[in-house]
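Please treat every number below as a calculation from the coordinates, not as lab data. Computed from a predicted model, the values in this text were never measured in an experiment. Virtual Cβ from ideal backbone geometry, glycine too; neighbours counted across all protein chains shown.
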Amino acid sequence: MSMLIDTFGRAHRDLRVSLTDRCNLRCTYCMPNDFSDWIPGDHLLSTDELMTVLEVATSQGITGIRLTGGEPLLRPDIVDIVRRIKALPSAPKIALTTNGLRLPEMAQDLADAGLGRVNISLDTLRRDRFKELTFRDRFDDVIAGIDAAKAAGLLPVKINSVLMRGVNEDEALPLLRHSLANGWNLRFIEQMPLDAGGSWEKSSMVTAAEIFELLSTEFELTPVANRGSAPAEEFLVNGGPATVGVIASVSKPFCASCDRLRLTADGQIRNCLFARDETDVRATLRNPLLSDQERRASIASLFGSSVLAKLPGHGINDPSFIQPSRPMSAIGG
């Protein structure tokens, strides 16, 4: 039973935890190639500080934790973090969103530590286009990472793809064909206004409706019932059992069923991916005047106040919407 219920009756059970804002790719819709506005190192939560927050969160009803970044596998003690989360008194399910580059050497250790599954970002099947999109020639490493995740039993392996107009929307069908042939669970994500360069334009976004229309030229798509709080609308492909998902955060918001909170790498609680305000837990963690019991009680209170302040929706389609000052890499997906 979640204790984190907002004024609209939404119970929060999912916490997205950013471990770092650093990344070893430079995807054009996320950060410029020369991006250097990193979070100062002394602002980042230590692993012990992080575990204190997560123990409080799980005691409040958080049942699922997704580790994100930046690129979370750049965190040197990522395997130990997974192991310690798995050992919490109210152990949550653990997932991870990654670009996959370090999975070949880490997937099995992560699985052994208690990681349940992974989401891997891949926007193209073309090596040349991958280099253009990410400014890194690492396509083969991502494919090797996907294979390593499957071999380690981190299933289902979900592939996240962002289609961009005039860039890679021609790969909608090839991506689905390839995913079906290789046992990947493909999910298309509408491009969101969370890039560090602030260059997002709604007109360049390939919408969920357009993605559905593209895929329907070759495949029969049937909606899967009982979506619940999942961000992706799932469709059976040619009657199933394989599915494809579409996350329509912009064109078809699912805020009414949202059960997610976010914790940034520098210790800020965000009650919405697009929130303009944050709740600082780092100051509480580092307050020398508090006992451990007082510190944990204060963190629980901060989670509660953040949830109660949550708005009914993100308002992307409202004329007054202002893009968050932080990019996705600093917020954590």
With at most 13 other Cβ atoms within 10 Å, longest stretch of the chain clear of loop chymotrypsin sites (Phe, Trp or Tyr not before Pro) (DSSP): 9-320
Relative exposure of His12, His43, His314, judged by other C-beta atoms within 10 Å (fewest first): His43, His314, His12
Gain on full stretching of the segment that runs from Arg22 to Leu289 - 0.36 nm per residue minus C-alpha separation: 92.9 nm
Cross-link partners of Lys86 among aspartates and glutamates (Cα-Cα below 19 Å; sequence separation of 8 or more within a chain): Asp14, Asp48, Glu49, Glu55, Asp77, Asp109, Asp112
Separation between Cα centres of the range 20-45 and the range 270-315, rounded to whole Å: 23
Anisotropy class of the range 27-93 from Cα gyration tensor, a/c 1.5 cut: prolate
Gain upon complete extension [Lys131, Thr63; 0.36 nm per residue less C-alpha separation]: 20.8 nm
Under 9 Å, Cβ to Cβ, from Gly245 - net charge with Lys/Arg +1 and Asp/Glu -1: 0
Relative contact order (percent, whole number), the chain, Cα cutoff 8 Å, 6+ residue spacing: 22
Of all DSSP beta bridges in the chain, antiparallel share, percent nearest 5: 30
For the chain, Kirkwood radius (reciprocal of mean inverse C-alpha pair distance, Å): 20.4
Volume in Å³ per residue [convex hull over Cα atoms, computed for the range 114-163]: 75
For the chain, size of Cβ-based charge dipole, Lys and Arg +1, Asp and Glu -1, in debye: 580
Sequence of Ser229, Ser249, Ser306 once ranked by neighbouring C-beta atoms within 10 Å, starting from the fewest: Ser229, Ser249, Ser306
